[in-house]
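Below is one structure; the comments refer to it alone.
The values are calculated or read from the model by the stated rules, or taken from the named source; none is laboratory data. Only a predicted model underlies this, so the values are computations on that prediction, with no experimental measurement involved. Every residue, glycine as well, gets a Cβ built from its backbone with ideal geometry; the counts of neighbours run over all protein chains shown. Surface areas here come from the heavy atoms of the whole protein model, side chains and all, with no ligands, DNA or RNA. Shrake-Rupley method; radii C 1.70, N 1.55, O 1.52, S 1.80 Å.
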2 protein chains.
Amino acid sequence: MPVLIVGSIALDDIKTPLAEHLNLLGGSASYGAVSASNFCPVLLVGIVGEDFPKEHIELLKSRQIDLDGLQIVPGKTFRWSGEYMWDMNTRETRSVELNVFEHFTPVLPESYRSPSIVLLANIAPDLQHHVLDQVASPRFVIADTMDLWINIAKDSLIRLLGRVNMLILNDGEARQLTGATSLIKAGRAIQALGPQYVAIKKGEHGCLLFGKKGQFFSCPAYPLEDIHDPTGAGDTFAGGLAGFLARDTEGRDVTFAALCQAVVYGSVMASYNVEAFSLERLKTVDAPQIAERFALFQKISRFDQA
Amino acid sequence: MPVLIVGSIALDDIKTPLAEHLNLLGGSASYGAVSASNFCPVLLVGIVGEDFPKEHIELLKSRQIDLDGLQIVPGKTFRWSGEYMWDMNTRETRSVELNVFEHFTPVLPESYRSPSIVLLANIAPDLQHHVLDQVASPRFVIADTMDLWINIAKDSLIRLLGRVNMLILNDGEARQLTGATSLIKAGRAIQALGPQYVAIKKGEHGCLLFGKKGQFFSCPAYPLEDIHDPTGAGDTFAGGLAGFLARDTEGRDVTFAALCQAVVYGSVMASYNVEAFSLERLKTVDAPQIAERFALFQKISRFDQA
């Protein structure tokens, strides 16, 4: 069963303390779709301008990614430029050009309207609503978000929380959204706003998953020594998580046990993604490599019983 | 087999955003010894003044803690006063009175000189050296430290690293000691200075354990919603870790598998300790409660195989 993914498709200029690269493929839907395509077919919803390089289209086509929902319109593709500080954690946005994204109205092809799993990757909550309006009773809906939307579109985001099964956000955003200092309190507070499940990403500290009736899972981070480009790590995480769920839970209810595995697969994909700029590493990852790192996550979090 | 513990014994005044308490039992050796005493007999080395309350002596005596190495001398007991900020993570030291601690020279009774496991709890590195000078070939030596010693006694601390099997410190201290941003790099860099094993405590994010030849373990944090007093959490962690090792590895080499369990037991003890001021919660924890929370650590970090 395919996963439906809507989000941004961008051309990024990225500077780190070690290197700078221009005109890279980026955007939440690009990272999410390529990540998910390791697990299941993807129905992609997004928009690009006529300047969008053919090679990127070819990359997406070469995976099991359906582009019927990709609008290619006159104008320029959404552009983002950012710089990472010395610790590779702090990021400064240098410029944003919405371009064709400014008037984007996602319209789902008929073939997209009964997806089993939906990933509303990081875009404006209003657009996430708009996509949800067009799909018929999906089995599981995951929403990703970011600090920007908590700042400028909080009402729409809060309304969205009543329509999704799971919210993904990072630790700072969880604290920002709830006002809670404790991430445990923040996770529970977000659940009270709607989603049965909440995943709080903590970067180098892994990820917390909150489930029904106090269910809780703490996923470690992969012990990477060097990060080359953190861009898209969260999108890649969300894509891997959603893709694995679509493959693993086909025709079945999504269980907490499956979500724990999905969080690990998301973390595996993200750990590969940050090893190179843009999608350079992500697009070469194969099934044996994914299995290898999944096993390593198991090894580093295992301890003997009492 | 007993564990030998040397460290500070203090009277603390502690203020949190919610409460303030004066004249509390504190100090790295107090927390460490009571924590360890849940697992094995303890040989305590420390110093207090004649003002040290009898009830605290009685508490220590009531556990399996040998006080032959406790000096009670004319003068006042070491005093520390601190305040926690709203997030319970940032701490400000309001005052320190070394008192009898200023001229402390640990002298080990004859019965203390062949311990199997030694915990050099957080005190000045010179004192940690002095204790090590008096013990005959212990099987495993663990040292705890803090930012203060990295600032004012770095040379002595670095020399100590060549004499211990394991160093325990927190994330900020690991970065401070090594200059590395990545905690993975920091852990490896500390190993290169001497200790085969390094435990980096990350507060609400759990703990990382580095072993030989790339061995690595990521221990989650217990999902506590409310922390009443973080004082002594690190000391309690170290005490539980050392106490478990002494009990579990009696007569055997310390393995990485045992250290992983020890890190979990240390985390269990610390998670209880922060539930109340001073040692109020720690001194009531019993074996079934320890076992219960150990099982919970296992539950929250477990996920199914691929």
Any residue in the range B:292-306 that's at the interface with another protein chain (Cβ under 7 Å from one of its Cβ atoms): show its pairings with residues that are aromatic (Phe, Trp, Tyr) at Cβ separation under 7 Å, as long as the two are six or more apart or on different chains.
B:294/B:265; B:300/A:216; B:300/A:217; B:303/A:217; B:306/A:294
With the structure loaded, tell me whether residue A:24 is aliphatic (A, V, I, L, M) and surrounded by 22 or more Cβ atoms within 10 Å (Cβ to Cβ) or whether it fails that test.
no
Name the residues in the range A:224-239 that are surrounded by fewer than 24 Cβ atoms within 10 Å (Cβ to Cβ) and either away from every other protein chain (no Cβ under 13 Å) or within 19 Å of residue A:60 (Cα to Cα) (or both), would you?
A:233
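To keep it simple, each residue is scored yes or no on (1) within 9 Å of another protein chain (Cβ to nearest Cβ); (2) in a loop (DSSP other than H, G, I, E, B); (3) open to solvent by less than 10 Å² (accessible area, probe 1.4 Å); (4) more than 30 Å from residue A:240 (Cβ to Cβ).
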{"position": "B:241", "(1), (2), (3), (4)": "no, no, yes, yes"}
{"position": "B:250", "(1), (2), (3), (4)": "no, yes, no, yes"}
{"position": "B:261", "(1), (2), (3), (4)": "yes, no, no, yes"}
{"position": "B:265", "(1), (2), (3), (4)": "yes, no, no, yes"}
{"position": "B:277", "(1), (2), (3), (4)": "no, yes, no, yes"}
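Run down A:164, A:198 and say which single residue is under 19 Å from residue B:222 (Cβ atoms), modelled with pLDDT of 95 or more, among the aliphatic types (A, V, I, L, M) and surrounded by 18 or more Cβ atoms within 10 Å (Cβ to Cβ).
Working: A:164 fails: under 19 Å from residue B:222 (Cβ atoms).
On inspection, the qualifying residue turns out to be A:198.
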Just checking: which of the helices (runs of 4 or more DSSP H) contained wholly in the range B:141-191 hold 2 or more residues that are closer than 18 Å to residue A:89 by Cα?
B:171-178, B:183-191
I'd like the full set of residues that are more than 9 Å from chain A (Cβ to nearest Cβ) and not small (Gly, Ala, Ser), limited to the range B:180-209.
B:190, B:191, B:193, B:195, B:196, B:197, B:198, B:200, B:201, B:207, B:209
Of all residues making up the range A:1-39, the number that are assigned to a strand (DSSP E or B) and within 16 Å of the chain's Cα centre (by Cα)
7
Report yes if residue A:213 is within 14 Å of another protein chain (Cβ to nearest Cβ), basic (Lys, Arg), surrounded by fewer than 21 Cβ atoms within 10 Å (Cβ to Cβ) and under 25 Å from residue A:117 (Cα atoms), otherwise no.
yes
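Here is a check on your reading of the model: is residue A:204 open to solvent by 20 Å² or more (accessible area, probe 1.4 Å), charged (D, E, K, R) and modelled with pLDDT under 95? Walk me through it before giving the result.
Working: open to solvent by 20 Å² or more (accessible area, probe 1.4 Å): yes; charged (D, E, K, R): yes; modelled with pLDDT under 95: yes.
Criteria met by residue A:204.
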Can residue A:72 be described as β-branched (Val, Ile, Thr), open to solvent by less than 20 Å² (accessible area, probe 1.4 Å) and part of a strand (DSSP E or B)?
no
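Looking at the range B:85-103, which of its residues are closer than 30 Å to residue A:182 by Cα, surrounded by fewer than 20 Cβ atoms within 10 Å (Cβ to Cβ) and not charged (D, E, K, R)? Please lay out each step first, then the result.
In the first step, residues of the range B:85-103 are kept if they are closer than 30 Å to residue A:182 by Cα; the result is B:85-96.
In the following step, the residues that additionally are surrounded by fewer than 20 Cβ atoms within 10 Å (Cβ to Cβ) were identified as B:85-87, B:89-96.
Result: B:85, B:86, B:89, B:90, B:93, B:95, B:96.
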With respect to the numbered conditions (1) touching a residue at least 40 places away in the same chain (Cβ under 8 Å); (2) farther than 21 Å from residue A:242 by Cα, which one is the sole condition not fulfilled by residue A:57?
(1)
